[in-house]
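None of the figures in this text is laboratory data; all of them are computed from the coordinates on show. Remember, predicted model here, so these are calculated numbers, not experimental data. Backbone-built Cβ (ideal geometry, glycine too); neighbour counts: all protein chains shown.
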Amino acid sequence: MNLTDHDLFRQAALIDGKWIARPDMEVTNPATGTAMGTIPDCTADETTRAIAAAETAMKGWRACTHADRADVLMRWYQLMLDHAEDLAQILTAEQGKPLAEAKGEVIYGASFVRWFAEEARRINGSIIPSPLPGKKIFAMKEPVGVCAIITPWNFPIAMITRKVAPGLAAGCTMVVKPSDVTPYSALAMAVLAERAGVPRGVINILTGRPEVIGAALTASPVVRKLSFTGSTRVGALLAEQCAPTLKRMSLELGGNAPFVVFDDADLDAVVEGAMLSKFRNGGQTCVCANRILVQSGIHDAFVAALAKRVDALKVGPGTEDGTTIGPMINAAAIAKIRSHVEDALAHGATKATAVRDLGAAYADPVVLVGATTRMRLASEETFGPVAPVFRFDTEEEALAIANGTPFGLAAYFFTRDMARAFRFGEALEFGLVGLNTGAVSHAEAPFGGVKSSGLGREGAQEGIEEYLETKAFHFGGL
Ligand code: SIN
């Protein structure tokens, strides 16, 4: 990496304002397969210390005025923008996404900090008329308390800010456990948070194995909330572990997004939307189109146009000029993607895109025609650059396939028929619906799923509520 500010690259955990460096685990650059640095493998004991630091720091942080907290967040936001190039380099080195996309994630991540800096000043309660004379009831908003934040490898910056910024704005303190595959972005963000004036102990970052740190975080009665983004399997396990201490939970879990194209759709807009939704981060997002359902009348034109765009994608190291798809995160991810393609081909699908000769770190971006619900990719999230196209004839058929999944995170559909837009949009059982767009992620909009895709909402006005409790304060003798 060619960083302007080398201090941002920290190979250490942060507990109670102290940086703890210990070369216990290696972190691999997915493009080269070689180690880019080390991190401490934090112990249960260190997790307990981080929780205690966050508990102590809570007193001062919640006592700050909302405007003071907003100012700190605005400084953090500005520092992210000032260091966007360096943050992007760190992100690309550990996660693999192309540099231009990494910069996009820095800006996307920063937008949550700005949004919640603004929201910090609008944490209002209400005054409720009492049913009894001489009394009043105040509904007051208070911070939940110490929060545990567990973030994934696919958006190592944006998933930190989408959780930490509303928590800080609400007056909570944080113990953050970034993915052990992509810890350095979180650590760089913590350096910038210190510079922005976040007091000691308010943000603690634990690096290392998820089982040890996760078990200590979930078992602690001091931790009052857990926010997690990751798989449904791990989310359910964390919910089980949090049950004895009844923590508040926000869970942003797996998806299996349908992307439905009706005959009357604008073909150019559909192809643009499909490229964005399917190939962002190489297909490694929870909101990626996983099943592309196309009505018979537009099917062939859509496949031809999409295949042309996919053949033009440039796959390679994220640091190389013009790269549009970087390496996949690891060998297990590539094996899963390839097994989905092989299973689909064995069940009668065909490739509409050219075969490439890529290295071991990469997955072939591919459009598969003739996908059916019998294939594994119909029921499992592929999490890679595979675009399976299912053909359908009627709206009822499309709706049944789209909703025929236990997941309910994102869905997309394209039509110019306004009656259908409302009818179909309302019938989709998903937390996020994109009509004539492949983009559903903005700080201003509530983000989250239904069914097995999770609990709670991030971003938007709802995002801060997840970090607030309501106290009913009854005043008598007035
Ligand atoms: C995710 O994949 O978990 C997040 C994607 C987004 O924020 O758009």
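Assorted remarks:
- Cα-Cα over 23 Å, subset of 247/336; 97/314; 177/314: 247/336; 177/314
- For the pair region 181-223 and region 6-65, the centres of their Cα atoms are 5 angstrom apart.
- Net charge dipole size for region 382-442 [Lys, Arg +1 and Asp, Glu -1 on Cβ; Debye, nearest 20]: 200
- Under conditions of 10 °C and 1.306 mPa s, the chain yields 68 µm² s⁻¹ as its translational diffusion coefficient, taking Rh as the Kirkwood radius over Cα pairs in the Stokes-Einstein equation.
- For the chain, share of DSSP beta bridges that run antiparallel, in % to the nearest 5: 45
- Folded to 0 to 90 degrees: helix 99-119 orientation relative to the chain principal axis, Cα: 40
- Potential lengthening of the chain between residue 304 and residue 268 amounts to 11.8 nm, from the contour at 0.36 nm per residue minus the alpha-carbon distance.
- Dimensionless Rg/Rh of region 139-287 - Kirkwood Rh, Rg from C-alpha atoms: 1.05
- The percentage of C-alpha pairs in region 361-463 whose separation is greater than 19 Å is 52%.
- Between residue 63 and residue 470, the FRET efficiency from the beta-carbon distance, with R0 = 25 Å, is close to 0.80.
- Each of 353, 230, 289 was scored by the projection of its Cα onto the charge dipole of the chain, and the greatest displacement toward the positive side belongs to 230; charges sit on the C-beta of Lys, Arg, Asp and Glu.
- If you plug the beta carbon distance of residue 139 and residue 346 into 1/(1 + (r/R0)^6) with R0 = 56 Å, you get a FRET efficiency near 0.45.
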